[in-house]
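Asks: One structure, as C-alpha cells, below. Some questions next.
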C-alpha cells in the first residue's frame with residue numbers, strides 16, 4: 001500500500017458517540033410536527049441526508065420551524081455528550097504531526113457539525129470540514145474532491161467511518177475504508193461482512209494502520 005497522505009474522518013459514531021444524541025434530539029424536535037412520536041427506526045431511515053433533508057423526508061409543512069427546533073434541542077442536549085471518544089484527538093494530532101492531511105467528511109448539516117466541533121473544541125483539528133447534503137449521501141464525491149484538491153491518488157487516502165454506507169462510499173471513490181466499530185451503535189457484524197479485515201473495535205488498533 002502507498003504511504004497514506006490523507007485521512008478523512010466521519011463525525012457521528014467515529015469521532016464521538018453523538019448518534020444517540022442526534023436521534024433523541026431529532027425525535028424530540030420533529031415529532032410534534034410529524035403528528036406522532038418518531039421511532040428510532042423512522043429516524044435512522046433518513047440517515048444519509050443532512051438534517052434539513054431528514055426533516056423534509058418526514059415533515060412536508062413547517063419544516064423550517066422543525067429545523068430551528070432541532071438545532072436548539074441538539075445544542076441543549078449536547079450536555080449528554082461532552083467529549084470525543086477517548087484517544088481520537090491524540091490519534092488525529094499524531095497523524096497531523098507526521099504530515100498527514102486530516103479532513104472531516106460528515107453527513108451532518110453545517111450548523112449541527114459546528115455545534116459539535118465547538119462543544120469539543122476541535123474545530124482546528126481538520127484541514128477541511130465537508131458537511132452533508134439534503135438530497136443524498138455525497139461522501140464519495142467529497143472524497144474525490146479532496147483527492148483532486150491535494151493531487152492525491154485513491155491509494156494515498158483512507159476514510160474512517162462507522163457505517164456500512166461509509167464502506168460503500170469509500171469504494172465508489174476507490175478509497176480504503178477503515179471501519180470504526182468502537183461505538184455502541186456500530187453494527188460490527190455487518191461491517192465485518194462488507195469490510196472484512198478492516199474493522200477496528202479500538203482506536204488503538206486503528207492507530208497501527210498508520211505505523
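Just so you know, all these numbers are worked out from the coordinates, no wet-lab data involved. Given the structure is predicted, the values throughout are model-derived calculations rather than measurements. Here the Cβ is made from the backbone with ideal geometry for all residues, glycine too, and neighbour counts use every protein chain on show.
Asks: What number, rounded to the nearest 500 deg cm²/dmol, is the helix-based mean residue ellipticity at 222 nm of the chain, given -39500 (n - 2.57) per DSSP H run of at least four residues and division by all its residues?
Replies: -13500 deg cm²/dmol
Asks: In degrees from 0 to 90, rounded to the nearest 10, what is the angle of the helix 110-120 Cα long axis to the longest principal axis of the chain?
Replies: Helix 110-120 sits at roughly 70 degrees to that axis.
Asks: Okay, next question. Which value does Rg/Rh take for the stretch 56-137 over its C-alpha atoms, Rh per Kirkwood?
Replies: Radius of gyration relative to Kirkwood radius: 1.05.
Asks: Ranking 96, 118 by Cβ neighbours within 10 Å, fewest first, what do you get?
Replies: Listing 96, 118 from fewest to most nearby Cβ atoms yields 118, 96.
Asks: By how many nm would the segment from residue 60 to residue 172 grow when fully extended, if each residue of separation counts as 0.36 nm and the alpha-carbon distance is taken off?
Replies: 37.1 nm
Asks: OK, next. Starting from the Cα-Cα distance between residue 71 and residue 149, subtract it from 0.36 nm times their residue separation and give me the gain in nm to one decimal.
Replies: The residue 71-residue 149 span can extend by a further 25.0 nm.
Asks: Treating the Cα atoms of the stretch 107-211 as identical point scatterers in vacuum, please give the log10 of the normalised Debye intensity I(q)/I(0) at q = 0.15, 0.21 Å⁻¹, two decimals.
Replies: Results for the stretch 107-211 at q = 0.15, 0.21 Å⁻¹ read -0.71, -1.34.
Asks: Report the full-extension gain for the segment residue 110 to residue 129: residue separation times 0.36 nm, less the Cα-Cα distance, to one decimal in nm.
Replies: Length gained, residue 110 through residue 129: 6.0 nm.
Asks: OK, next. With label points built 7 Å along Cα→Cβ from the Cα atoms of residue 36 and residue 93, find their separation and express it in nm.
Replies: Computed distance between label sites residue 36 and residue 93 equals 4.9 nm.
Asks: How do 63, 182 line up, fewest other C-beta atoms within 10 Å first?
Replies: Least to most surrounded, the residues fall as 63, 182.
Asks: Å³ per residue of the Cα convex hull, for the stretch 19-80?
Replies: 69
Asks: Once each part is reduced to its C-alpha centroid, what is the distance from the stretch 45-117 to the stretch 148-211 in angstrom?
Replies: Computed from Cα coordinates, the inter-centre distance equals 19 Å.
Asks: Still on this structure, I have one more. If contacts are Cα pairs under 8 angstrom and at least 6 residues apart, what is the relative contact order of the stretch 19-80 in percent?
Replies: Reported as a whole number, the value is 46 percent.
Asks: Rounded to the nearest angstrom and ordered from largest down, what semi-axes does the equivalent ellipsoid of the stretch 171-211 get from its C-alpha gyration tensor (root of 5λ)?
Replies: Gyration-tensor ellipsoid for the stretch 171-211: 16, 15, 8 Å.
Asks: What does DSSP give for the chain in terms of the percent of beta bridges that are antiparallel, rounded to the nearest 5?
Replies: Approximately 5 percent, going by the DSSP bridge assignments.
Asks: Order 105-116, 186-197, 5-16 from most to least packed using the mean count of other Cβ atoms within 10 Å.
Replies: 5-16, 105-116, 186-197
Asks: Assuming R0 = 30 Å, what is the FRET efficiency of residue 79 and residue 185, from their Cβ-Cβ distance, to the nearest 0.05?
Replies: According to the calculation, E is roughly 0.95.
Asks: May I pose another question? What's log10 of I(q)/I(0) for the chain at q = 0.08, 0.10, 0.19 Å⁻¹, Debye sum over Cα points only, no solvent?
Replies: Evaluating at q = 0.08, 0.10, 0.19 Å⁻¹ gives log10 I(q)/I(0) of -0.26, -0.41, -1.43.
Asks: Suppose we keep just the alpha-carbon trace of the stretch 1-123; what are its Rg and Dmax in angstrom?
Replies: 16.1, 53
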